[in-house]
Amino acid sequence: MMASTWSRYHFLTQRFSLDLLLSLVLTLTWPFTVTGSPLSGQVGGNVTFQCPVEEKPVDFLYLQRGNNFVNGYYAYKELPTRWNNTKLDRNTSSVFMNNLKVSHSGEYTCHIRYRNEQPTDISITLSVTAKYSRPLFSPPVCDKETQGQNCQTTCTSNNGYPKSRIIIQAIVTSTNDTIRQTWDHVRSVHSQNSSTLLYNIATTVSYNCSNGEIKFSCSVGDVTSDEFSVCAHQEQHSPDIVIVIAICILVVVMIAGVLCWRRRTGGTMRLERVNTNEA
């Protein structure tokens, strides 16, 4: 019984020692990875990848994205061709990247190895965005048969990234009150450029002119359009006012008709009277 217990203890001790040794070997041979501060840039702009290097002999330092070499140097051999939009500063151990595109977004790694030491990797994530153009409204289109009761206009904004949404604001001015409305869940149509990966966005708004003038504005992110006024030419009257105006017009027409009739009748009588005196 004691021999069996000793054998089991000896086996567990050996297994623990092997696991510890394997862990130590992996630690010594596997690169040490550190997560650096994320970078953000605008399309057409530039960023700088800072690879922190200590003051001791360096075997190599280079920036890589996946399996693609970006820029860097090696103490003993030539490295692959660098990216054309990058520049290495060995004094500051940094890589400058200009003319950014959406396709440059992703995870990069600074590979650093000091002489007689294991490599160190610094992971840096780059995010590239693009500001949408100032939104514009299209000319309104109305169904002629409905007399301003079924109209549409479209707000568009172009060349932005990532995919966004349009927020519509409307100010309805009637004879009695001013109503402000915000629509942030309107349906938008996106189209993406296959080469630049930038998005165009469009949103169509339906409205009617029954309540008076409407002033629209639309925004994408922090970019807002100018105010776009519709229905300003529509004179809105209540049914009672329309009836009063119609009656006034009818009365004026009747009075004018009576005056014209009297004038014609009076002229004929004077002509007959003159003719009688001459006779």
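Give the residues of the stretch 124-145 that are modelled with pLDDT of 95 or more and in contact with a Gly (Cβ under 9 Å, 6 or more places away or on another chain), sorted by residue number. Residues satisfying the conditions are Ile124, Thr125, Leu126, Ser127, Val128, Thr129, Ala130, Lys131, Tyr132, Ser133. Any chance the stretch 54-65 includes a residue that's buried (at least 16 other Cβ atoms within 10 Å of the Cβ), in the same structural domain as Ile124 (by TED's automatic domain parsing) and either under 25 Å from Asn159 (Cβ atoms) or without any contact (Cβ under 8 Å) to a residue 12 or more places away in the chain (or both)? No, every residue in the stretch 54-65 fails to be buried (at least 16 other Cβ atoms within 10 Å of the Cβ), in the same structural domain as Ile124 (by TED's automatic domain parsing) and either under 25 Å from Asn159 (Cβ atoms) or without any contact (Cβ under 8 Å) to a residue 12 or more places away in the chain (or both). Taken over the stretch 130-163, the criterion of being within 19 Å of Ser103 (Cβ to Cβ) and out of contact with any helix residue (DSSP H, G or I) (no Cβ under 8 Å at 6 or more places or on another chain) is satisfied by Lys131, Tyr132, Asn158, Asn159, Gly160, Pro162, Lys163.
On inspection, Glu117 qualifies as surrounded by 12 or more Cβ atoms within 10 Å (Cβ to Cβ), farther than 30 Å from Tyr199 by Cα and free of Cβ contacts under 8 Å to residues at least 24 places away in the same chain. In the set (1) more than 28 Å from Val43 (Cβ to Cβ); (2) without any contact (Cβ under 8 Å) to a residue 40 or more places away in the chain, the condition left unmet by Val186 is number (1). Residues that are in contact (Cβ under 8 Å) with a residue 40 or more places away in the chain, more than 30 Å from Ala202 (Cβ to Cβ) and not charged (D, E, K, R) are absent from the stretch 140-160.
The set of residues in the stretch 71-90 that are over 16 Å from Tyr114 (Cα atoms) and either modelled with pLDDT of 90 or more or not aliphatic (A, V, I, L, M) (or both) comprises Asn71, Glu78, Pro80, Thr81, Arg82, Trp83, Asn84, Asn85, Thr86, Lys87, Leu88, Asp89.
Among the residues of the stretch 95-110, those that are buried (at least 18 other Cβ atoms within 10 Å of the Cβ) and either within 16 Å of Gln50 (Cβ to Cβ) or of a type in the set (D, E, K, R) (or both) comprise Val95, Met97, Tyr108, Thr109, Cys110. Selection of the stretch 109-139 for residues being more than 30 Å from Ala202 (Cβ to Cβ) and among the hydrophobic types (A, V, I, L, M, F, W, C) yields Cys110, Ile112, Ile122, Ile124.
The values are calculated or read from the model by the stated rules, or taken from the named source; none is laboratory data. Everything numeric here is computed off the predicted structure, so don't read it as measured data. Note that we place each Cβ from the backbone using ideal geometry, even for glycine, and neighbour counts take in every protein chain shown.
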